[in-house]
């Protein structure tokens with residue numbers, strides 16, 4: 001999938017959810033003030049933070065579409081993971097701010113019983129935010145976007161926090177007003193945890209963590225099936241934006257010429273790129289087979 005196509009799909013999703021969040025934030029904030037619900041106001045702030053994070057996602061994906069240049073020969077794909085990191089920091093800061101406010105209210109003992117309208121506003125929030133999550137995560141997985149999936153998780157955390165707010169408002173209306181600010185504190189914990197999870201996920205990509213699972217097995221199988229490849233010595237896969245970069249070491253007959261070894265390496269690279277759409281680039285290093293260690297039964301070829 002071309003970068004511009006990916007960006008246009010992400011842009012459409014981001015603008016739709018941003019408009020929804022603006023309306024939802026206004027509704028929850030207005031009802032929260034009128035109903036005197038701390039939990040609903042905190043939930044409104046959470047939805048408001050979604051607007052800022054969506055802007056971050058759009059900007060980072062716009063940068064990611066830029067072609068390679070002299071300063072960035074590998075392209076700008078990691079802008080998405082950087083955007084996810086910025087998003088995680090915003091989440092943590094919003095959560096800590098909301099948590100501090102809730103603790104102050106609990107400490108001061110200033111409780112209020114929310115109005116019935118707060119219940120309907122929260123129910124609306126739960127339905128809308130869950131729909132946003134499903135919509136955003138589906139597109140995020142389709143275009144393999146770290147930033148968009150992180151934004152989808154933000155929508156899901158908002159839905160969960162709305163459930164906590166709902167329980168707090170119900171308990172407050174049943175005669176336990178302390179549960180309203182308690183629910184706001186729970187919402188804050190949800191937000192901080194989500195921020196930390198997003199940070200950890202994006203950290204792996206920036207640290208070039210090895211990719212495991214089906215992709216690793218598929219690379220090994222396809223490379224082994226190439227005529228002339230005697231052994232696959234080493235496979236290293238790292239994520240770079242929406243694509244994966246593979247560093248591969250294979251052994252070929254030591255009697256082959258340099259040109260023949262190069263042709264086998266080119267065939268390995270072409271096969272992997274043609275059969276695995278998520279693979280962006282492949283670097284193939286050729287080792288002689290068998291070498292002295294193999295002749296002595298020592299195992300893999302020397303590198």
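The values are calculated or read from the model by the stated rules, or taken from the named source; none is laboratory data. On a predicted model such as this, the values are computed, not experimentally measured, just so you know. Note: ideal-geometry Cβ built from the backbone for every residue, glycine included; neighbour counts use all protein chains shown.
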Check your understanding: Here are 202, 162: which of them is within 27 Å of the chain's Cα centre (by Cα), closer than 27 Å to residue 77 by Cα and outside the structural domain of residue 281 (by TED's automatic domain parsing)?
Key -> 202
Review point. Pairs under 7 Å by beta carbon, first residue free of Cβ contacts under 8 Å to residues at least 12 places away in the same chain in region 68-84, partner in a loop (DSSP other than H, G, I, E, B), six or more apart or different chains?
Key: 68/74; 68/75
Practice item. Return yes or no: is residue 268 modelled with pLDDT of 90 or more, buried (at least 19 other Cβ atoms within 10 Å of the Cβ) and not assigned by TED's automatic domain parsing to the domain that holds residue 202? Key: yes
Check your understanding: Where in region 38-153 are there helices (runs of 4 or more DSSP H), lying wholly inside it, with at least 2 residues that are more than 23 Å from the chain's Cα centre (by Cα), closer than 30 Å to residue 278 by Cα and not assigned by TED's automatic domain parsing to the domain that holds residue 15?
Key -> none
Check your understanding: (1) touching a helix residue (DSSP H, G or I) at 6+ places or on another chain (Cβ under 9 Å); (2) surrounded by fewer than 19 Cβ atoms within 10 Å (Cβ to Cβ); (3) over 20 Å from residue 54 (Cβ atoms): which one isn't true of residue 97, the others all being true?
Key -> (3)
Review point. Yes or no: residue 13 over 19 Å from residue 143 (Cβ atoms) and assigned to a helix (DSSP H, G or I)?
Key: no
Exercise for review: Return the residue satisfying two criteria in turn: it lies in region 229-253 and is modelled with pLDDT of 90 or more and part of a loop (DSSP other than H, G, I, E, B), and of such residues it is surrounded by the most Cβ atoms within 10 Å (Cβ to Cβ).
Suggested key: 229
Practice item. Quick one: in region 228-250, of everything that is touching a residue at least 40 places away in the same chain (Cβ under 8 Å) and farther than 17 Å from residue 81 by Cα, which residue is farthest from the chain's Cα centre (by Cα)? Key: 230
Point to revise | Residue list for region 1-17, restricted to those being at pLDDT 85 or above and either buried (at least 20 other Cβ atoms within 10 Å of the Cβ) or not assigned by TED's automatic domain parsing to the domain that holds residue 192 (or both) | key: 13, 14, 17
